[in-house]
Amino acid sequence: MESMLRGLNATQRAAVTSKASVLQVLAPPGSGKTKTLTSRVAYLLAHEGYRPQNVICCTFTIKASREMRERLRGLVGGDLEGKLVLGTFHSICRRYLVTYGHLIGIPNNFGIADSDDSLGIIKRLQKKIKFGMEPRAARNKISHRKARGQRLDDILKSTGKSMEAQEFAMIFQEYETALATSNLLDYDDLLLKCVELLRKYPQCVSNIEALLIDEFQDTNNVQFGLMKLLASAKRRITIVGDPDQSIYGFRSAEIENLNRMQAYYPGTVVINLEENYRSSSAVLNLAQDVIEQDEERPSKRLKSTHCHGTLPVLRRVPNPHEEAAWLVSEVKRMTRMTGGCLEYADIAILLRSAFLSLLIEKALANAGIPYKMVGGRRFFDRVEVRILLDYLRVISHPDNNSALLSIINTPTRKVGDGTVAELNRASEAAKVSLWILVQKVLKREVSLEKKLSKPAEQGLGELVALIRKGQDKLKTFEPTQAPGKLIELVANALHFQDYLKKQYKEDWEDRWENVQELLLQAKDVTLQSLTAQDQLPEVDGVKQAQVEGSQEVLARFLANVALSTEVEADDESEVKPRITISTIHSAKGLEWPVVFVPAVYEGSIPHSRAEDTSEERRLLYVAMTRAKALLYMTFPIMQSRSESESILTQFLPSNVDHRLKDVGPVFNDQTVQDIATILQRSAPSQELLAHAATSLDESESQFDDIWPADGSPKGPFLNIETDMPTYYGRSAQSLAGAMRVNTTFQQRSNFSTVAGFTTASHQMSIIPPQKERVDQLAKPKLAKSSSGQGNLATFFSKGTLREVQIDNVPLPRLVGGSQTWSSAPAKPQPLSIPVELASHKPGAALASNPATTVKRPRPVLAETSNIEHRRTKRPYTCFSSSPTKEEFDNGALPQATVAEEEPHRPKYNTTMSTLQQSKSEPGYSSFKSGILNTMSRPTPLSSMSGTLSANGAMKKTLGVRRSLNGWADRKNK
Ligand SMILES: Nc1ncnc2c1ncn2[C@@H]1O[C@H](COP(=O)(O)OP(=O)(O)OP(=O)(O)O)[C@@H](O)[C@H]1O
């Protein structure tokens, strides 16, 4: 028993070993609720002697149930764990209905209508009975009503006289009839029918000794009822939950269930866990401040068990494109600068809305950073996967009209829309499923009003033959292989690869890969399905339905598909670490060392369509509290679509500013040490950290300084008069004041140099001047310039350059040109330091060997000629997990989003980074002197702006500006 309690604190132990019949463990995020629940299951089995088949454990997601199984396997061994009745509410209900549903008239071969099926049914009804309600709204309303336990009778009885109410009642009725004709149960039915079953036949659960429920705050009314029924025999219930994490109100979850439970079971014991074992204090403090904005919530403090750590970051970025680009650069920076302490698998990007992933996926893919999607568009919803699954669904359950309609003419077999409509009409008139009707028509037992054309008849004949063949073969397949073999059979019969080639010329290969993936999944799920875990124990006096091997395995496989909210490769099979992209909803209960929450603006979070602002706040709270060590939120100032400035989310008001930084942390020894401590990892050695800096490309920076901290576009002007950088004519100070932020530069005192790093001024101090270069520079090549534009020679001949010493900074490679300093643009334009130089940072190699002439490649513009091609080539890639790096190297994927949007926009750093590096050097005085020092290297200032007064003093903005092309123009307009 001691081993079971090891690693638990005193309160957790008390919860695990509690003798209470009804126990509520209420606790904030990261306090070990799931850990406690798992240990309690183990305790009840091992110590109290409960039989695993008599213990039900409900989790909220399939992923959570998998994780719990794994933890339990470690605690009590595979034998016991395998017999537990463990799963989501829906999957547990499905098990009861397959086994005992016949008692209430549900045949055990019922299918599950997923939300797409439900929507399809309603859309078809709309065509038939012409109602005005939007189909999606109708589906949601039906689901809400069912989630409150209302059935058709209740709806019909309570229907008012208004047209709307009458219409809804009619839709509800027709929808229920359509499900019944197809022998389908939708998600809500699974719960409702199980309630009906257990009310009528409570003996089905007479064996249940204990019921345990995770994430109880998100249960709805029907689930509350189920809890009472499932536990009716012994009334032994343990739930864990956190009212602050209730985020499923839109699915009719009742946060009130926690109180209702206490009222229903008067002896309920409540144990509160307080310590948070997940997050740094810095993260928790912010999360606490956010959740406390809800004044109705009882006050409770989160107690961190970790060090303070790094302040969370609220990063302002110009727009969503640059948000994605910034995110990628920050990911690279943190993984490199922490010397291996953080890797891609440690990072999650949590989104309020799935669509937000698009630009981020593209940017990650372009950078060759592997990622996986969770909870966005499901793998099983992809067209090519869906088609094959629909064939399997029809083979398994031919009365499923929805599935049959989806494949009746896919791939095309000359069964046109008119024919389908006629078949539908006739099947409804005859009150039989479409499958039965089609067979009767082919056998000429039924004649249609509109006669079938010969090709349509032939096409339907082929379809029926294929389905029958599948059904026959299914009986001969080994159960373990049934789903996989069937997928192969169907794909071959349909010449599916050729079909994809023809239908999806652009990306058929990706789609075919998905088919291969489906085969792998089928194999995997099949093996899981065959374990004892789906079997309910025999209960005295209640007959179980008999189900056949391969047919049941296929049905379980399809049910798992329908009930899954996500599909991922097993962790073990993951070849390389990947970033996780997930919706916040799907991230519930999970944790990562680093969390990014993009798009924290009004309309995104809280979402513009959200009815309950408190729930949106809780959503942000859930996202924040997934982070262990580092938390980043990004705020794109402009929305490229609307062109209007966004408003920062109301959940981050000015009084939490002190909890936030506006740029990513400097990864110095202390920061990395803190991260390692929080993650309970060993900190990387000094050597590794020192090496980390050298692993950066030159377009990257040791600091989060490539983008200005205030969210203005890259590339500040330097206003010599004010000694401050300016953005679009606004000073950084005014921006900082207006936006309550400090610029990176203003924060320079927070920076310290990581061991082994070199700084710009150090660099300059150890490298002897190279007179020859200066001479070269002064030669006539520099003379060419556009009107109105100074060049390096003319500019500095008035006194500046003479005092300048040059180090051996590599010569910039000019875009599309030769290695020459005369890079005068063809047209007059705002003058700027060529972008290549702006990104310059001396490398450690230089520091260690001053004599070395470093020839590192300079940033070059994206090859714009390829961009169009790359953009169109494989548009599909953004839906899936990231492709492999080789694919990028082949040029098969789109270029960076930024480059796509603005093909002429180069990628580079501002000189800010260089300035920050030089801050610790003696003699460092001001931004101006800093930048002059920086520019005193062989800066090709041919495009540098500024006029000199007679005495040589600079008068106006000294440009380190680059062309901002389209975006700047749009913004100015
Ligand atoms: N007593 C403990 N000592 C050390 N670590 C613990 C302890 N209890 C829990 N943890 C760790 O804290 C983290 C959070 O635990 P768990 O996921 O169980 O929390 P939770 O309360 O369910 O969180 P959430 O509500 O956010 O889902 C896990 O990494 C877990 O291993």
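The values are calculated or read from the model by the stated rules, or taken from the named source; none is laboratory data. Values in this document were obtained by computation on a predicted structure and should not be read as measured data. Every residue, glycine as well, gets a Cβ built from its backbone with ideal geometry; the counts of neighbours run over all protein chains shown.
The set of residues in segment 623-647 that are modelled with pLDDT under 95 and hydrophobic (A, V, I, L, M, F, W, C) comprises ILE637, MET638, ILE647. Among the residues making up segment 640-683, those that are over 23 Å from the mean Cα position of the chain (by Cα), surrounded by fewer than 18 Cβ atoms within 10 Å (Cβ to Cβ) and among the charged types (D, E, K, R) are GLU643, GLU645, ASP657, ASP669, ARG681.
The residue that is nearest to the ligand (Cβ to nearest atom), among those in segment 294-309 that are under 30 Å from PRO708 (Cα atoms) and surrounded by fewer than 23 Cβ atoms within 10 Å (Cβ to Cβ), is CYS307. Considering the conditions (1) at pLDDT 90 or above; (2) part of a helix (DSSP H, G or I), LYS35 is excluded by exactly one of them, (1). Among residues of segment 204-214 being among the aliphatic types (A, V, I, L, M) and within 15 Å of the ligand (Cβ to nearest atom), the one that is nearest to the chain's Cα centre (by Cα) is ILE213. Selection within segment 290-318: residues that are modelled with pLDDT under 90 and in contact with a Ser or Thr (Cβ under 6 Å, 6 or more places away or on another chain). The member of this set that is nearest to LEU364 (Cα to Cα) is SER304.
One line per residue, one yes/no per condition, for (1) modelled with pLDDT of 90 or more; (2) farther than 25 Å from ASN560 by Cα; (3) surrounded by fewer than 16 Cβ atoms within 10 Å (Cβ to Cβ):
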residue: GLY459; (1), (2), (3): yes, yes, no
residue: LEU463; (1), (2), (3): yes, yes, no
residue: ARG468; (1), (2), (3): yes, no, yes
residue: PHE477; (1), (2), (3): no, no, no
residue: PHE496; (1), (2), (3): yes, no, no
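Screening SER232 with (1) without any contact (Cβ under 8 Å) to a residue 40 or more places away in the chain; (2) closer than 26 Å to TYR621 by Cβ; (3) not in a helix (DSSP H, G or I) gives one miss only, at (2).
Checking each residue in segment 590-600 for being buried (at least 20 other Cβ atoms within 10 Å of the Cβ) and either over 21 Å from ASP244 (Cβ atoms) or not aliphatic (A, V, I, L, M) (or both) picks out TRP592, PRO593, VAL594, PHE596, PRO598, ALA599. The set of residues in segment 419-440 being closer than 16 Å to ARG124 by Cα and assigned to a helix (DSSP H, G or I) consists of THR419, VAL420, ALA421, GLU422, LEU423, ASN424, ARG425, ALA426, SER427, GLU428, ALA429, LEU434.
Within segment 30-51, if we keep just the residues that are more than 17 Å from GLU274 (Cβ to Cβ) and hydroxyl-bearing (Ser, Thr, Tyr), the residue that is farthest from the ligand (Cβ to nearest atom) turns out to be TYR50. Here is a check on your reading of the model: is THR59 in contact with a strand residue (DSSP E or B) (Cβ under 8 Å, 6 or more places away or on another chain) and farther than 20 Å from LEU5 by Cα? In short, yes. Within segment 135-142, the presence of a residue that is assigned to a loop (DSSP other than H, G, I, E, B) and at pLDDT below 90 is excluded. For residues that are part of a helix (DSSP H, G or I) and surrounded by fewer than 23 Cβ atoms within 10 Å (Cβ to Cβ), scanning just segment 336-349, find the one that is farthest from the chain's Cα centre (by Cα). Filtering first and then ranking leaves ARG336. Looking only at residues of segment 230-248 that are over 25 Å from the mean Cα position of the chain (by Cα) and among the polar types (S, T, N, Q), we find that the one that is farthest from ILE291 (Cα to Cα) is SER232. ILE62 meets all of the listed conditions (1) within 31 Å of the chain's Cα centre (by Cα); (2) within 11 Å of the ligand (Cβ to nearest atom) but one, namely (2). Scanning segment 186-194 finds no residues that are of a type outside the set (A, V, I, L, M), within 16 Å of the ligand (Cβ to nearest atom) and in contact with a strand residue (DSSP E or B) (Cβ under 6 Å, 6 or more places away or on another chain). In segment 110-117 there is no residue matching the filter, namely being in contact with a helix residue (DSSP H, G or I) (Cβ under 9 Å, 6 or more places away or on another chain), without any contact (Cβ under 8 Å) to a residue 60 or more places away in the chain and surrounded by 20 or more Cβ atoms within 10 Å (Cβ to Cβ).
Residues in segment 337-359 that are at pLDDT below 90 and not aromatic (Phe, Trp, Tyr): GLY339, GLY340, SER353, ALA354, LEU356, SER357, LEU358, LEU359. Among the residues of segment 60-67, is there at least one that is among the hydroxyl-bearing types (Ser, Thr, Tyr), touching a helix residue (DSSP H, G or I) at 6+ places or on another chain (Cβ under 6 Å) and touching a residue at least 60 places away in the same chain (Cβ under 8 Å)? No, segment 60-67 contains no residue that is among the hydroxyl-bearing types (Ser, Thr, Tyr), touching a helix residue (DSSP H, G or I) at 6+ places or on another chain (Cβ under 6 Å) and touching a residue at least 60 places away in the same chain (Cβ under 8 Å).
Can you confirm whether GLY87 is away from the ligand (no atom under 15 Å from the Cβ), buried (at least 23 other Cβ atoms within 10 Å of the Cβ) and not in a helix (DSSP H, G or I)? Yes: the conditions hold for GLY87. Being within 23 Å of LEU284 (Cα to Cα), touching a residue at least 40 places away in the same chain (Cβ under 8 Å) and within 16 Å of the ligand (Cβ to nearest atom) is a description that applies to ALA629.
When each of ALA429, ALA403, ALA363 is tested for being over 26 Å from ASN108 (Cβ atoms) and crowded, with 18+ Cβ neighbours inside 10 Å, the lone residue that passes is ALA363. Could you tell me which numbered condition LYS161 fails, if it satisfies all but one of (1) under 30 Å from SER550 (Cα atoms); (2) out of contact with any Lys or Arg (no Cβ under 6 Å at 6 or more places or on another chain)? LYS161 satisfies every listed condition except (1).
If you go through segment 536-556 and keep only what is at pLDDT below 75 and under 15 Å from PHE110 (Cα atoms), you end up with ALA545, GLN546, VAL547, GLU548.
Listed conditions (1) farther than 23 Å from ARG13 by Cα; (2) touching a Gly at 6+ places or on another chain (Cβ under 7 Å); (3) within 16 Å of the ligand (Cβ to nearest atom); (4) at pLDDT below 90 are all met by GLN217, apart from (1). Looking only at residues in segment 1-29 that are of a type outside the set (A, V, I, L, M, F, W, C), buried (at least 17 other Cβ atoms within 10 Å of the Cβ) and modelled with pLDDT under 90, the one that is farthest from the ligand (Cβ to nearest atom) is PRO28.
Could you please let me know if VAL595 is within 16 Å of the ligand (Cβ to nearest atom), under 21 Å from PHE667 (Cα atoms) and within 19 Å of the chain's Cα centre (by Cα)? When the stated conditions are applied, VAL595 passes them. When we screen LEU258, LEU273, LEU286 for residues that are in contact (Cβ under 8 Å) with a residue 40 or more places away in the chain, under 24 Å from GLN680 (Cβ atoms), more than 26 Å from the chain's Cα centre (by Cα) and within 16 Å of the ligand (Cβ to nearest atom), the only hit is LEU273.
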